[in-house]
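Take a look at the structure set out below.
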Amino acid sequence: MVVRALRAVAVAGLLAIAGNAGAQPPPGTQVEQVTLARFGGGTARLLGEGTVSIIVFFRPGQDHSRDALRMMAQCEKELAHEPVHWTAVVSGSASAEAISAEVKDSGIAMPVLIDKGDLVYAGLRVILHPVVVITDKQGRLAAYEPYQRINYCNVVRAHLAHVLGELGDAGLDAVLHPPPSTQGGDLAVAQRNLRLGQKHLEVKRYPQAATAAGKAIALDGKLVDAHVLLGQALAGQGDCKRARAAFDRALALDKSNAAALQGKQDCAK
Amino acid sequence: MKNQRISTSPNMTALALSFLLLSCAAMLVSDEAQSREDSPKAFSRAETPKSIPDLITYKAGVLGPMHGGEPVSEHSPFADGACDFCHKGDAKNPGALLKPVNQICFDCHSEFEEMLTKRPVKHAAAAKQCTNCHNPHNSRNQHLLISDQVTLCTSCHTAMKTLLDTATVKHGALAEGKCSTCHNPHASAVEKLLIQLPFDLCIKCHSRDGLQDASGTRLTNFKTLLDNNPVWHAPVAGKDCSACHTPHGGKNFRLLVEPYPAKFYSAYEPDNYALCFTCHNSNMVDTPDTTTLTGFRDGSRNLHYLHVNKPDRGRTCRACHEVHASKHPFQIRDSVPFGDKGWMLKLNYTKKANGGSCEKTCHSLKEYDRSKK
């Protein structure tokens with residue numbers, strides 16, 4: 001037996017009969033190093049030596065496996081600079097032509113290991129395809145990710161960064177459960193109006209600048225620069241009284257705001 | 001629901017599967033590595049259009065200010081008469097643009113520059129030219145769009161147009177014609193420019209009572225389902241509803257990416273169950289005797305084979321399994337429909353160390369025991 005995980009199960013006794021556990025071994029389980037026949041000749045190791053390993057289990061002729069291999073080929077390229085040991089593992093029962101076709105189609109560069117007797121499969125309890133397994137530098141199981149149509153590589157990349165300590169738990173969670181990617185909203189629209197008003201101010205279109213500043217303030221009352229802009233636009237129109245009030249509102253939010261202080265000073269003249 | 005939020009990481013899977021299960025490793029020993037290339041396929045990624053026409057740079061007329069008619073949206077700088085923010089020359093005679101379009105837009109919309117730099121998935125159309133979609137002056141459409149969204153998006157994504165036009169099973173999600181319900185047309189953190197993972201998007205609409213399909217059948221409230229049924233199927237827990245459903249419409253029952261029988265009984269053909277076998281291995285149902293391919297066996301008698309693999313009235317997977325989530329191990333159903341009166345019979349499934357049993361309300365106890373010789 002090549003994978004210690006399976007032994008651990010056998011030892012656990014509880015689950016004795018015919019290793020009846022579909023559940024994957026828990027994270028942290030040591031995966032044992034093995035050397036397997038490499039597709040195309042020679043042998044190769046399942047795990048890296050002191051590096052993180054990414055193992056891609058696939059089945060030739062299966063759509064999801066093909067899709068996953070294509071995604072992993074891209075992923076492999078993107079992560080080329082990372083110290084990662086990539087391998088693909090295929091059942092010993094797969095035919096050479098079928099494997100060859102998938103390797104060619106996907107363009108993966110990683111070695112394909114042939115799992116004669118499906119011992120690695122048994123050890124990691126891989127019962128379907130495709131699955132990506134990630135181990136840490138010591139060869140301990142870190143992640144088990146079955147097929148995902150969306151974001152498969154992102155997920156793999158995030159696990160890798162997490163294992164390498166470059167990404168914290170919160171960071172990993174943000175990739176596994178990304179918050180909505182949206183745009184707009186009141187704050188953004190306030191910013192746009194502020195920019196529009198500032199551009200108007202630059203060319204001395206004071207009324208337009210004041211209107212835009214007013215819109216910005218209505219959407220985001222705490223936008224200091226919008227109060228400053230309003231002050232400047234009003235001052236430009238000679239309305240120093242209301243301009244001072246606007247500068248004061250800016251200073252109430254940011255008491256050392258240089259532009260507001262300057263604006264007030266200029267108005268006092 | 002909370003403790004199930006983690007994706008299909010080992011601990012989650014362990015949780016979902018924290019029940020014994022056969023070492024099905026040999027399931028993979030697939031002799032039939034035959035390709036199903038010839039079988040009719042739904043719209044798999046392989047068929048995603050690769051040939052998108054060159055980005056449109058609209059011909060004269062399309063991007064200018066509207067001539068007549070009431071605009072639905074109007075751009076503030078245009079409304080202010082500030083042609084000079086974008087054009088050389090004056091308002092009466094605006095000339096060439098001051099600089100490349102996107103640079104102009106970023107002057108006031110800097111968050112878009114940031115978005116197109118920082119978010120990992122960027123829309124080529126937006127990175128190239130905002131005016132591929134927006135009229136910088138005014139428009140008959142919301143958000144200054146140069147046309148309604150479906151026309152706009154499918155003007156480049158022509159294969160999507162074909163799909164939408166030819167889908168026999170349509171999806172209500174598209175009824176409003178807003179691609180932007182699910183896609184961010186600018187940039188996003190999720191592949192395919194999705195605003196969030198498919199799951200989160202699906203749940204938004206599919207979490208209310210009273211949603212009905214085209215024939216009036218009530219659809220599941222997924223929030224209720226997932227909250228009350230802790231055993232989630234791994235791809236559901238992995239937030240990947242689109243591993244099984246094609247969101248834009250398709251030709252299979254229930255928008256499934258591959259065929260799956262629609263009824264309780266069905267003749268067995270691996271192709272009928274292509275959906276399940278896109279991930280699972282059909283030999284779990286094809287092999288009469290096994291001690292490895294499935295945990296659902298009595299001794300070596302494969303009970304999946306026995307129940308499902310029949311030339312006429314084979315039971316479909318739904319006779320025993322929930323495909324999304326259930327209360328019982330292996331997503332076994334709580335009850336099954338009986339007769340045409342809408343009665344439900346409890347299955348009373350119990351998992352045992354070497355097998356399990358079920359006891360339908362009016363049918364004797366049935367047991368299976370893997371250790372039987």
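Here are the numbers for the structure shown:
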quantity: Subset of the stretch A:167-225 (residues that are β-branched (V, I, T), open to solvent by 70 Å² or more (accessible area, probe 1.4 Å) and closer than 30 Å to B:A237 by Cα); calculated: A:T182
quantity: Entirely in the stretch A:162-269, the helices (runs of 4 or more DSSP H) that have 3 or more residues that are more than 14 Å from chain B (Cβ to nearest Cβ) and in contact with a strand residue (DSSP E or B) (Cβ under 9 Å, 6 or more places away or on another chain); calculated: none
quantity: Of all residues making up the stretch B:199-230, the number that are closer than 27 Å to A:D67 by Cα and of a type outside the set (D, E); calculated: 4
quantity: The stretch B:233-268, residues that are of a type in the set (D, E, K, R) and more than 10 Å from chain A (Cβ to nearest Cβ); calculated: B:K251, B:R254, B:K263
quantity: Selection from the stretch B:215-263 of residues that are of a type in the set (G, A, S) and either in a helix (DSSP H, G or I) or open to solvent by less than 20 Å² (accessible area, probe 1.4 Å) (or both); calculated: B:A234, B:A237, B:G238, B:S242, B:A243, B:G249, B:G250
quantity: Residue in the stretch B:333-344 that is out of contact with any His (no Cβ under 6 Å at 6 or more places or on another chain), farther than 27 Å from B:N228 by Cα and open to solvent by 40 Å² or more (accessible area, probe 1.4 Å) present; calculated: no
quantity: Some residue of the stretch B:294-302 being open to solvent by 50 Å² or more (accessible area, probe 1.4 Å) and not in a loop (DSSP other than H, G, I, E, B); calculated: yes
quantity: The stretch B:83-119, residues that are in contact with a helix residue (DSSP H, G or I) (Cβ under 7 Å, 6 or more places away or on another chain), within 11 Å of chain A (Cβ to nearest Cβ) and in a loop (DSSP other than H, G, I, E, B); calculated: B:C86, B:H109
quantity: Top-ranked residue of the stretch B:269-288 - restricted to ones that are of a type in the set (S, T, Y) and either assigned to a helix (DSSP H, G or I) or in contact with an Asp or Glu (Cβ under 9 Å, 6 or more places away or on another chain) (or both), ranked as nearest to the other protein chains (Cβ to nearest Cβ); calculated: B:T278
quantity: Only one of A:I127, A:I108 that is away from chain B (no Cβ under 11 Å), open to solvent by 10 Å² or more (accessible area, probe 1.4 Å) and not charged (D, E, K, R); calculated: A:I108
quantity: Unmet requirement for B:G210, which otherwise passes all of (1) assigned to a loop (DSSP other than H, G, I, E, B); (2) touching a residue at least 40 places away in the same chain (Cβ under 8 Å); (3) assigned by TED's automatic domain parsing to the domain that holds B:C279; calculated: (2)
quantity: Residue satisfying all of: in the stretch B:292-314; under 31 Å from the mean Cα position of the chain (by Cα) and within 14 Å of chain A (Cβ to nearest Cβ); farthest from B:F330 (Cα to Cα) among these; calculated: B:L293
quantity: Odd one out for A:V90, checked against (1) crowded, with 20+ Cβ neighbours inside 10 Å; (2) not in a strand (DSSP E or B); calculated: (2)
quantity: Pick from the stretch A:130-146, criterion within 11 Å of A:P25 (Cα to Cα) and within 10 Å of chain B (Cβ to nearest Cβ), ranking: surrounded by the most Cβ atoms within 10 Å (Cβ to Cβ); calculated: A:Y144
quantity: Test: B:P261 is over 12 Å from the mean Cα position of the chain (by Cα) and over 29 Å from A:H129 (Cα atoms); calculated: no
quantity: Which numbered condition A:R149 misses (of (1) open to solvent by 50 Å² or more (accessible area, probe 1.4 Å); (2) within 30 Å of B:V236 (Cα to Cα); (3) not in a helix (DSSP H, G or I)); calculated: (1)
quantity: Search result, residues across the stretch B:320-348 that are assigned to a loop (DSSP other than H, G, I, E, B) and touching a Phe, Trp or Tyr at 6+ places or on another chain (Cβ under 9 Å); calculated: B:C320, B:V323, B:H324, B:H328, B:R333, B:D334
quantity: Residue identified as closer than 21 Å to B:N221 by Cα and under 29 Å from the mean Cα position of the chain (by Cα) among B:S335, B:S282; calculated: B:S335
quantity: The listed residue being within 21 Å of B:E191 (Cα to Cα) and either open to solvent by less than 40 Å² (accessible area, probe 1.4 Å) or small (G, A, S) (or both), out of B:L144, B:L116; calculated: B:L116
quantity: Residue in the stretch B:143-161 that is among the small types (G, A, S) and within 14 Å of chain A (Cβ to nearest Cβ) present; calculated: no
quantity: Matching entry among B:Y273, B:Y268, B:Y349 (being hydroxyl-bearing (S, T, Y), touching a strand residue (DSSP E or B) at 6+ places or on another chain (Cβ under 9 Å) and more than 23 Å from A:D63 (Cβ to Cβ)); calculated: B:Y349
quantity: Residue list for the stretch A:41-79, filter: under 17 Å from the mean Cα position of the chain (by Cα) and surrounded by fewer than 16 Cβ atoms within 10 Å (Cβ to Cβ); calculated: A:Q74, A:K77, A:E78
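A quick yes/no check of all residues on (1) in contact with a strand residue (DSSP E or B) (Cβ under 7 Å, 6 or more places away or on another chain); (2) among the hydrophobic types (A, V, I, L, M, F, W, C); (3) free of Cβ contacts under 8 Å to residues at least 24 places away in the same chain; (4) not in a strand (DSSP E or B):
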| residue | (1), (2), (3), (4) |
| --- | --- |
| A:P26 | no, no, no, yes |
| A:E32 | no, no, no, yes |
| A:A37 | yes, yes, no, no |
| A:G41 | no, no, yes, yes |
| A:A44 | yes, yes, no, no |
| A:S53 | yes, no, no, no |
| A:Q74 | no, no, no, yes |
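The values are calculated or read from the model by the stated rules, or taken from the named source; none is laboratory data. Values in this document were obtained by computation on a predicted structure and should not be read as measured data. With ideal geometry, Cβ positions are generated from the backbone for all residues, glycine too; neighbour counts draw on all protein chains shown. For the accessible areas, the whole protein counts, side chains as well, though only heavy atoms, and no ligand, DNA or RNA atoms are used. Shrake-Rupley method; radii C 1.70, N 1.55, O 1.52, S 1.80 Å.
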